[in-house]
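Each value in this text was obtained by applying a stated rule to the coordinates, not by laboratory testing. All values derive from a computational prediction rather than experimental measurement. Neighbour counts run over all protein chains shown; Cβ positions are idealised from the backbone, glycine included.
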Amino acid sequence: MRLKGRNIAIVGVGPGLGSAVVYMALREGAAVYAFARSAEFLERLKAEYSKYGVLHVSPKDFSRLEEAERAREEVRRVFPELHGLVVTAGCYTSQPVEELGEAELEDMLNKNLKAHIYAVRAFLPLMGRGSSIVLISSVGGAYKAWPRHVAYVAAKAATARAAEALAAELLERGIRVNAVAPGGMAKDFQPGRSYTVALGAPQAPPEEVAKVVIWLLTDEASWVTGAVIPADGGRRLL
Ligand SMILES: NC(=O)c1ccc[n+]([C@@H]2O[C@H](COP(=O)([O-])OP(=O)(O)OC[C@H]3O[C@@H](n4cnc5c(N)ncnc54)[C@H](OP(=O)(O)O)[C@@H]3O)[C@@H](O)[C@H]2O)c1
């Protein structure tokens, strides 16, 4: 149990990667506070995953600083200290630049970038030396500049660079910040299933990426900060 006694907040939990990280963190002994925008989804998550450990949930939109700060106060009431923060919030879009609308660009920046920075800003007062922050970027943006993806690639590149800048800023406070850059990932996480996947496959089970996130939360990664780790089974190399 590599996260026993640790309190972890996970922001932007959906049915894929976020749920896999919640499940694995609970199985590693962490107490988890999960946030997403949908109250209904969170209630289902709590009903299904509470059997694995201590799980709190609360609907919040982290693209608004005020809501992120309200989330921190809720966390503070049950966890005096936070040892880990994972931000899986995000969204995807693709179109030629001439077809990119204002609302779409704003949505990309709100969910893929602002929600990450506001989550870090809000939760930092609860985090001390030895704690770990993981932001989810994407191979598209962190490693590749795909055509017809300017909004997504720019937002995900910004998330990766934000992780590096935050790592530099928080170095002296002993707080590690890293980003994980997945390739294609399925959104169908199911606890405890068995699966096979070949290197180079276009889509990973979210577990493959969640394992990297969990490792970054543990002391096994205590010398890793400011890294942007691709977790795409090598697909970006093809
Ligand atoms: N799936 C892939 O192929 C892939 C590839 C590379 C990178 N990624 C990245 O990996 C992460 C997880 O991916 P996924 O496929 O599991 O995504 P997902 O199912 O779309 O989950 C993302 C979750 O974040 C939530 N969210 C978005 N904005 C938020 C905000 N402002 N405040 C709180 N919650 C917010 C979403 O809620 P709503 O549904 O209500 O917006 C959703 O529940 C994302 O950052 C994604 O961009 C995914």
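Might you let me know whether the stretch 197-212 holds any residue that is away from the ligand (no atom under 16 Å from the Cβ) and either of a type outside the set (S, T, N, Q) or part of a loop (DSSP other than H, G, I, E, B) (or both)?
Yes, the conditions are met somewhere in the stretch 197-212.
In the stretch 109-148, which residue that is assigned to a helix (DSSP H, G or I) and surrounded by fewer than 18 Cβ atoms within 10 Å (Cβ to Cβ) is nearest to the ligand (Cβ to nearest atom)?
Only one residue fits best here, namely 109.
Kindly indicate whether residue 58 is more than 16 Å from the ligand (Cβ to nearest atom), surrounded by fewer than 23 Cβ atoms within 10 Å (Cβ to Cβ) and of a type in the set (Gly, Ala, Ser).
Taking the combined requirement at face value, the residue does not satisfy it.
Residue 106 versus (1) of a type outside the set (A, V, I, L, M, F, W, C); (2) surrounded by fewer than 18 Cβ atoms within 10 Å (Cβ to Cβ); (3) away from the ligand (no atom under 16 Å from the Cβ): which is the lone unmet condition?
Tallying (1) of a type outside the set (A, V, I, L, M, F, W, C); (2) surrounded by fewer than 18 Cβ atoms within 10 Å (Cβ to Cβ); (3) away from the ligand (no atom under 16 Å from the Cβ), residue 106 fails exactly one: (3).
Restricting to the stretch 43-69, and then to whatever is more than 17 Å from the chain's Cα centre (by Cα) and of a type in the set (Ser, Thr, Tyr), can you tell me which residue is nearest to residue 190 (Cα to Cα)?
Filtering first and then ranking leaves 49.
Within the stretch 181-193, is even one residue under 25 Å from residue 123 (Cα atoms) and either in contact with a Ser or Thr (Cβ under 9 Å, 6 or more places away or on another chain) or away from the ligand (no atom under 16 Å from the Cβ) (or both)? I'd like the intermediate steps shown before the answer.
Taking the stretch 181-193 as the starting set, the residues that turn out to be under 25 Å from residue 123 (Cα atoms) are 181-182.
Subset that is either in contact with a Ser or Thr (Cβ under 9 Å, 6 or more places away or on another chain) or away from the ligand (no atom under 16 Å from the Cβ) (or both): 181-182.
Yes, because at least one residue in the stretch 181-193 is under 25 Å from residue 123 (Cα atoms) and either in contact with a Ser or Thr (Cβ under 9 Å, 6 or more places away or on another chain) or away from the ligand (no atom under 16 Å from the Cβ) (or both).
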